[in-house]
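A.B. asks: Structure in structure tokens, see below.
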């Protein structure tokens, strides 16, 4: 279906599934998750598999990708996983998107763009996560967060186990 450029089984396992599950270390007490720009369902689908208690919405503007997420959800009986075709522009009510306790994006945009956009979808007291594929400057993230009315409360840097690719997950709260 040409949903992702990564197709080798080991690479898919590491760069999509393990990378997605890295959020478990930082997601806190969220009960609902909005995955913006989820593509083929990463990180939303792996999270739904290991955390069936979460209400997870995967949002993407590409219909075939959302159709895939819905098909996977039905096949795996992930009752609380939902797929929505929408372009996130910061107006959840108009876009048919929910506000969530945790909003996440995996390499959708640079923090300067992602933080103000993602904040629009947060419930009061919610957590915004930015999955970053490289080493990041903590001070830069603090400045960008402050400008967006958020506070950087955690930065989890790690390497993927096989490729040793650098990853980071930045966690933000509303000020």
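A.B. asks: Condition check: out of contact with any helix residue (DSSP H, G or I) (no Cβ under 9 Å at 6 or more places or on another chain) and either modelled with pLDDT of 95 or more or in a helix (DSSP H, G or I) (or both). Does residue 45 satisfy that?
C.D. replies: It is false that residue 45 is out of contact with any helix residue (DSSP H, G or I) (no Cβ under 9 Å at 6 or more places or on another chain) and either modelled with pLDDT of 95 or more or in a helix (DSSP H, G or I) (or both).
A.B. asks: Does residue 173 meet the test of being crowded, with 16+ Cβ neighbours inside 10 Å, out of contact with any strand residue (DSSP E or B) (no Cβ under 6 Å at 6 or more places or on another chain) and not in a helix (DSSP H, G or I)?
C.D. replies: no
A.B. asks: If only one of 144, 136 is in a loop (DSSP other than H, G, I, E, B), buried (at least 16 other Cβ atoms within 10 Å of the Cβ), without any contact (Cβ under 8 Å) to a residue 40 or more places away in the chain and over 15 Å from the mean Cα position of the chain (by Cα), which one is it?
C.D. replies: The unique qualifying residue is 136.
A.B. asks: For residue 33, state whether it is in contact with a helix residue (DSSP H, G or I) (Cβ under 7 Å, 6 or more places away or on another chain) and closer than 19 Å to residue 117 by Cβ.
C.D. replies: yes
A.B. asks: Additional query: Anything in the range 53-72 that is over 23 Å from residue 25 (Cβ atoms), surrounded by fewer than 22 Cβ atoms within 10 Å (Cβ to Cβ) and free of Cβ contacts under 8 Å to residues at least 60 places away in the same chain? List them, or say none.
C.D. replies: 61, 62, 63, 67, 70, 71, 72
A.B. asks: Consider residue 50 against the criteria (1) over 20 Å from residue 156 (Cβ atoms); (2) exposed (fewer than 15 other Cβ atoms within 10 Å of the Cβ); (3) at pLDDT 95 or above: it satisfies all of them except one. Which criterion is unmet?
C.D. replies: (1)
A.B. asks: Now a separate question. Can you tell me which residues in the range 149-170 are in a loop (DSSP other than H, G, I, E, B) and either under 18 Å from the mean Cα position of the chain (by Cα) or free of Cβ contacts under 8 Å to residues at least 12 places away in the same chain (or both)?
C.D. replies: Within the range 149-170, 160, 164 qualify.
A.B. asks: In the list 105, 20, which residue meets the criterion of being modelled with pLDDT under 95 and assigned to a helix (DSSP H, G or I)?
C.D. replies: So the residue among 105, 20 that is modelled with pLDDT under 95 and assigned to a helix (DSSP H, G or I) is 20.
A.B. asks: Right, another one. Return only the number of the condition from (1) under 17 Å from residue 43 (Cα atoms); (2) surrounded by fewer than 14 Cβ atoms within 10 Å (Cβ to Cβ) that residue 162 does not satisfy.
C.D. replies: Looking at each condition in turn, residue 162 falls short on (1).
A.B. asks: Pick out the one residue from 128, 160, 141 that is touching a helix residue (DSSP H, G or I) at 6+ places or on another chain (Cβ under 7 Å) and modelled with pLDDT under 95.
C.D. replies: Going through 128, 160, 141 in turn, just one is touching a helix residue (DSSP H, G or I) at 6+ places or on another chain (Cβ under 7 Å) and modelled with pLDDT under 95: 160.
The values are calculated or read from the model by the stated rules, or taken from the named source; none is laboratory data. Computed from a predicted structure; not experimentally measured. Note that we place each Cβ from the backbone using ideal geometry, even for glycine, and neighbour counts take in every protein chain shown.
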